[in-house]
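Novice: The structure is given below, and queries will be raised subsequently.
The values are calculated or read from the model by the stated rules, or taken from the named source; none is laboratory data. Everything numeric in this text was worked out from a predicted model, so none of it was measured. Glycine gets a Cβ as well: all are built from the backbone with ideal geometry, and neighbour counts include every protein chain shown.
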Amino acid sequence: MKLLLHICCAPCTIYPLKKLGEQSFEVRGFFYNHNIHPYQEYQKRLEAVKKYTGMAGLEMIYQDKYDLLDFLQNTAYREENRCIYCYHSRLEATAKVARRGKFEYFSTTLLYSKLQNHERIREIGENLGKRHGVAFYYQDFREGWKEGIEVSKKLEIYRQKYCGCIYSEKERYRSTN
């Protein structure tokens with residue numbers, strides 16, 4: 001069973017990759033995160049993904065496209081719904097690549113995070129799966145939250161301090177003051 005896994009960052013990949021491997025999925029990673037701000041943060045996350053997936057032996061597809069303007073145009077004045085756009089745009093890109101690559105399934109490491117809206121991700125993923133002819137695979141990976149953190153620290157993998165977009169960066173730093 002071939003599964004294309006959207007990867008948001010290296011630490012969030014550790015536990016889902018382990019669990020999917022235990023279920024006999026043939027996993028390939030897909031990095032597409034046009035929402036990350038600032039550009040230096042995007043580069044750090046991209047390099048961390050390359051480091052970890054190299055260590056894990058995970059074959060990758062990179063859509064190395066930093067398109068902050070597109071993200072902002074689609075979220076400005078709709079900040080409270082920004083995550084919906086973010087989920088949709090990244091999952092749609094994943095579904096399209098999965099269809100072209102003849103994968104049976106696609107999924108996302110966003111399902112590892114306790115901070116993401118799993119029901120919304122699942123809904124969007126299933127709808128996109130129907131539209132693009134590739135099944136969305138849902139699994140709640142949050143049970144491995146601590147394990148992923150511990151392994152990423154042990155491997156000295158870069159760990160970000162916010163979700164990634166300019167709005168989450170603001171929220172993160174505003175809440176620490």
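Novice: Within region 5-52, work out how many residues are more than 10 Å from the chain's Cα centre (by Cα), at pLDDT 95 or above and hydroxyl-bearing (Ser, Thr, Tyr).
Specialist: The total comes to 2.
Novice: I'd like the full set of residues that are part of a helix (DSSP H, G or I), touching a Phe, Trp or Tyr at 6+ places or on another chain (Cβ under 9 Å) and of a type in the set (A, V, I, L, M, F, W, C), limited to region 125-158.
Specialist: Leu128, Trp145, Val151
Novice: On to the next question. Quick check on region 63-79. Is at least one of its residues of a type in the set (A, V, I, L, M), within 14 Å of the chain's Cα centre (by Cα) and crowded, with 16+ Cβ neighbours inside 10 Å? First the steps, then the outcome.
Specialist: We begin by selecting, within region 63-79, every residue of a type in the set (A, V, I, L, M); these are 68-69, 72, 76.
Subset that is within 14 Å of the chain's Cα centre (by Cα): none.
No: zero hits.
Here's the yes/no breakdown for (1) surrounded by 15 or more Cβ atoms within 10 Å (Cβ to Cβ); (2) within 22 Å of Lys50 (Cβ to Cβ); (3) among the small types (Gly, Ala, Ser); (4) at pLDDT 95 or above:
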residue: Ser107; (1), (2), (3), (4): yes, yes, yes, yes
residue: Ser113; (1), (2), (3), (4): yes, yes, yes, no
residue: His118; (1), (2), (3), (4): yes, no, no, yes
residue: Gly125; (1), (2), (3), (4): yes, no, yes, yes
residue: Tyr137; (1), (2), (3), (4): yes, no, no, yes
residue: Ser152; (1), (2), (3), (4): yes, yes, yes, yes
residue: Gln160; (1), (2), (3), (4): yes, yes, no, no
